[in-house]
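Peer 1: I'd like to ask you about the structure that follows.
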Amino acid sequence: MLEKICKFVAGIVEGRDPDLDGHHRRLGQCARAFARYIGCSVEEMELLSIGARIHDFGKLSISEHILNKPARLTASEFSLVKQHTDIGFQLLAPLDIDPRISEIVRFHHENFDGSGYPAGLAGTTIPFLARMTRILDTFDALTTSRPYHLGVSGDEARQLLQREAHFYDPDLLRAFCTMAPAIGQ
Ligand SMILES: [Fe+2]
């Protein structure tokens, strides 16, 4: 049932934001590879895969005009977009799903150095699977062309991640950068 909910949610989000086409599906696949690579349990791998595919669920509440804007967002537009994490978390609440999935939805924009949102969590206070999703999401965003930037190669994306390493869990980033070329990313 959860699998069906995920496909339903990802389809709606991608339907509203065509540039996200395939983003969630790719994230789900890459999440499995990443979880397997670092030795997560099968349960964690499944939870990460589901969470990665629906992490932007809250974008359903953001205006299409803002989501598809082919230019840099204004400060007030960006503050609206930032709300997608808490909104997604609140929308999922009635489903009573595993809290580790809800945590991915809520905390996938938290930075390891505490500079992220919505709560400004830092270090290992950020839930583990959300720290993994932070890396997966950014890597996919960097390598995919969007209205406001051209996607870069996997090598370039890894260099960019390492250039801003303070945003990410250092152990997870090291593992991801070792793994990604091995799976052709
Ligand atoms: Fe997001």
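The values are calculated or read from the model by the stated rules, or taken from the named source; none is laboratory data. Fair warning: this is a prediction, and the values are worked out from it, not measured in the lab. Cβ: placed from backbone, ideal geometry, glycine included. Neighbour counts: every protein chain shown.
Peer 1: Check whether at least one residue in segment 92-108 is within 21 Å of HIS166 (Cα to Cα), more than 11 Å from the ligand (Cβ to nearest atom), of a type in the set (Phe, Trp, Tyr) and modelled with pLDDT of 95 or more, and report yes or no.
Peer 2: no
Peer 1: With the requirement that a residue be surrounded by 14 or more Cβ atoms within 10 Å (Cβ to Cβ), free of Cβ contacts under 8 Å to residues at least 60 places away in the same chain and either in a loop (DSSP other than H, G, I, E, B) or more than 12 Å from the ligand (Cβ to nearest atom) (or both), what does segment 37-59 give you?
Peer 2: Here is the first cut: in segment 37-59, the ones surrounded by 14 or more Cβ atoms within 10 Å (Cβ to Cβ) are 37-38, 40, 44-59.
Within this subset, residues satisfying the condition of being free of Cβ contacts under 8 Å to residues at least 60 places away in the same chain are 40, 45-46, 49-50, 53-54, 56-59.
Answer for segment 37-59, where residues must be surrounded by 14 or more Cβ atoms within 10 Å (Cβ to Cβ), free of Cβ contacts under 8 Å to residues at least 60 places away in the same chain and either in a loop (DSSP other than H, G, I, E, B) or more than 12 Å from the ligand (Cβ to nearest atom) (or both): CYS40, MET45, GLU46, SER49, ILE50, ARG53, ASP56.
Peer 1: Also, quick follow-up: Restricting attention to segment 19-36, and to residues there that are within 16 Å of the ligand (Cβ to nearest atom) and under 14 Å from THR133 (Cβ atoms), which single residue is surrounded by the fewest Cβ atoms within 10 Å (Cβ to Cβ)?
Peer 2: Ranking the candidates gives ARG26 first.
Peer 1: A further question follows. Condition first: surrounded by fewer than 11 Cβ atoms within 10 Å (Cβ to Cβ) and of a type outside the set (Gly, Ala, Ser). Now tell me which residues in segment 65-97 satisfy that. Walk me through how you get there before you give the answer.
Peer 2: Going residue by residue through segment 65-97, those that are surrounded by fewer than 11 Cβ atoms within 10 Å (Cβ to Cβ) are 65, 70-72, 75-76, 93-94, 96.
Selection gives HIS65, PRO70, ARG72, PRO94, ASP96.
Peer 1: In segment 60-79, how many residues are more than 19 Å from ASP137 (Cβ to Cβ) and part of a helix (DSSP H, G or I)? Explain how you work it out, then say what you get.
Peer 2: Residues of segment 60-79 that are more than 19 Å from ASP137 (Cβ to Cβ), as a first pass: 63-65, 69-72, 74-77, 79.
Next, only the ones that are part of a helix (DSSP H, G or I) stay: 64-65, 75-77, 79.
Counting residues in segment 60-79 that are more than 19 Å from ASP137 (Cβ to Cβ) and part of a helix (DSSP H, G or I) gives 6.
Peer 1: Take segment 80-98 and flag every residue that is closer than 22 Å to ILE5 by Cα, in a helix (DSSP H, G or I) and of a type in the set (Val, Ile, Thr).
Peer 2: THR85, ILE87
Peer 1: Considering only segment 68-80, I want to know if a residue exists there that is at negative phi, touching a residue at least 60 places away in the same chain (Cβ under 8 Å) and within 13 Å of the ligand (Cβ to nearest atom).
Peer 2: Narrowing segment 68-80 to residues at negative phi: 68-80.
Filter once more, so that each one left must be touching a residue at least 60 places away in the same chain (Cβ under 8 Å): 68-72.
Those still in the list that are within 13 Å of the ligand (Cβ to nearest atom) too: none.
For segment 68-80, residues at negative phi, touching a residue at least 60 places away in the same chain (Cβ under 8 Å) and within 13 Å of the ligand (Cβ to nearest atom): absent.
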